[in-house]
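The block underneath contains the structure these notes are about, expressed in structure tokens.
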Amino acid sequence: MPAVVIIGAQWGDEGKGKATDLLGSRIDYVVKFNGGNNAGHTVVVGDEKYALHLLPSGILTEGVVPVIANGVVIDIEVLFDEIDALNARGVDTSKLVVSANAHVITQYHRTLDKVTERFLGSRQIGTTGRGIGPSYADKINRVGIRIQDLFDENILRQKVEGALHSKNQLLVKLYNRRAITVDEIVDDLLSYAERLRPMVADTGLLLNQALDAGKTVVFEGGQATMLDVDHGTYPFVTSSNSTAGGASTGSGIGPGRIDRVIGIVKAYTTRVGAGPFPTELLDESGEWLRARGFEFGTTTGRPRRTGWYDAPVARYAARINGITDFVMTKLDVLTGLKEIPVCVAYEVDGERVEEIPVSQTDFHHAVPIYENFPGWSEDISGARVFEDLPKNAQDYVLAVEAISGSRISAIGVGPDREAIVARHDLLD
Ligand code: IMP
């Protein structure tokens with residue numbers, strides 16, 4: 001029975017929750033395997049709207065076991081704030097399991113994220129400022145703090161001392177900030193230990209056992225393909241592997257166990273933060289997409305950059321992740337356009353290129369080559385099967401599918417959970 005990976009196929013905020021919703025009651029476990037509270041899903045259930053940053057969206061589905069796996073970086077205060085907010089609205093979070101090997105985000109990571117961004121000046125990445133990059137940097141530098149360290153005060157103190165040794169030099173001498181004391185960090189982390197303890201487990205073991213028992217496990221990627229630290233538009237990326245391979249390293253299941261990889265694409269494109277984005281619209285069409293699609297960051301509230309659908313990006317994502325199915329979201333946002341441009345290739349230095357250029361300098365000045373498709377004006381939010389869509393909307397989806405590298409198995413037509421046109425079973 002399946003291990004299903006769901007990842008963003010563009011620059012994030014594609015609406016991965018829609019795919020999770022589609023799988024609905026067939027899901028037994030939902031696993032977050034990368035990133036931290038830089039993510040943001042907005043999930044609408046009935047009249048209620050939930051904005052989640054750290055918890056996997058599956059936490060809202062009754063009966064599902066939500067898992068925060070080893071590849072995640074956890075800001076524990078945020079974790080408990082989200083749990084408390086959900087509990088206050090009657091959502092049961094008691095099944096949540098947290099990996100003993102996940103790393104923590106502390107105050108010094110948040111501080112360093114903000115000051116280093118400020119010092120980068122015009123070379124800023126535009127991070128979410130949540131301490132994600134510095135926490136992953138500590139993990140790779142082998143000076144990170146893991147969840148399990150909270151249960152051994154001696155070890156915790158030694159590790160925090162080690163981490164702060166050089167960081168305080170940086171904070172005080174380079175960034176003109178106050179030094180952070182070992183005590184304040186240790187006391188803060190220890191204050192969460194007892195509440196955290198019952199949630200902590202060997203999540204790799206748990207997930208392998210679940211798969212052995214024939215359970216359906218969904219691995220929900222944070223961020224997206226083009227923000228992946230290896231395969232994205234480096235350095236304008238996040239600090240984790242947000243592509244499908246990250247589901248394996250980030251959770252402790254073998255790559256051969258993955259049965260389906262579902263890539264989420266918007267019917268257009270958005271990006272938050274700096275970095276190349278060939279189809280970006282800096283005119284009133286971009287404003288129109290932003291207003292119609294309500295494209296403002298769930299985590300930071302920043303207006304998202306907007307542009308037309310980019311098929312070479314979708315093909316790249318299909319390749320890098322081994323996408324078996326796309327779910328296209330927000331098709332309804334395009335309703336009312338006379339013509340819908342789709343980027344089918346780029347022009348680089350006067351030459352037509354079909355795929356993302358190998359050099360990022362070329363990608364920075366790649367000019368999209370568009371094909372225009374006729375739009376539609378009918379309200380499509382009530383469509384549930386493909387034939388319910390107006391002919392032009394069907395043709396748009398079919399044309400995009402033909403050049404995107406995998407089949408489009410479902411289409412989001414509105415913000416409600418049910419507002420989905422299903423074409424193919426995502427588990428088939
Ligand atoms: P960081 O993940 O906070 O280090 O930010 C690195 C880059 O990833 C910035 O451009 C962020 O705007 C972007 N980013 C991080 N999380 C998300 C997300 O959930 N959606 C879209 N962009 C994101």
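The helix-only estimate of mean residue ellipticity at 222 nm for the chain, built from DSSP H runs of length n ≥ 4 each weighted as -39500 (n - 2.57), is -9000 deg cm²/dmol after division by the residue total. Judged by the mean number of other Cβ atoms found within 10 Å, the most tightly packed of the peptides 369-376, 401-408 leads the ranking 401-408, 369-376.
Return the whole-Å distance between the Cα centroid of the range 268-327 and the Cα centroid of the range 380-400. The two parts, judged by their Cα centres, are 21 Å apart.
What net charge is computed for the residues neighbouring residue 178, neighbours being all others with C-beta under 15 Å from the C-beta of residue 178, Lys and Arg scored +1, Asp and Glu -1?
Neighbourhood net charge equals +3.
Springs join every pair of Cα atoms under 10 Å in this Gaussian network model of the chain, and among 121, 129, 336 the largest mean-square fluctuation is at 121. The H on the amide N of residue 98, modeled in the peptide plane, is under 5 Å from the matching H of 68, 200, 201, each at least 5 residues off or on a different chain. Taken one residue at a time, the phi angles of the range 241-248 give Karplus couplings (6.51, -1.76, 1.60, θ = phi - 60°) of 8, 9, 8, 4, x, x, 5, 7 Hz. Gly and Pro are set to x. Springs join every pair of Cα atoms under 10 Å in this Gaussian network model of the chain, and among 64, 265, 115 the largest mean-square fluctuation is at 115. With axes computed from alpha carbons, what is the tilt in degrees of helix 182-196 against the longest principal axis of the chain, rounded to the nearest 10 within 0 to 90? Here the helix axis deviates by roughly 70 degrees. Of all lysines in the structure, those lying under 25 Å Cα to Cα from residue 173, and not within fewer than 8 positions of it along the same chain, are 114, 139, 159. Working from Cα pairs under 8 Å separated by at least six residues, relative contact order for the chain is 20 percent. Highest mean packing comes first when the peptides 198-211, 71-84, 23-36, 175-188 are listed by Cβ atoms within 10 Å, giving 23-36, 71-84, 198-211, 175-188.
Between amide H atoms placed 1.01 Å from N, distances below 5 Å from residue 74 occur with 103, 104, 105, all of them 5 or more places distant or on a separate chain.
Ordering of 383-390, 130-137 by packing is 130-137, 383-390, highest average first (other Cβ atoms within 10 Å, averaged per residue).
Taking amide hydrogens as placed 1.01 Å from N in the peptide plane, the amide H of residue 340 sits under 5 Å from those of 373, 375, each at least 5 positions away in sequence or on another chain. Each Lys and Arg Cβ is given +1 and each Asp and Glu Cβ -1; about its Cα centre, the chain then shows a dipole of about 920 debye. Multiplying the residue separation of residue 319 and residue 300 by 0.36 nm and removing their Cα-Cα distance gives an extension gain of 3.8 nm.
Rule-based calculations on the coordinates, nothing more; no lab input. No experiment lies behind these values; they were computed from the predicted model shown. So basically every Cβ, Gly included, is an ideal-geometry build from the backbone, and we count neighbours across all protein chains shown.
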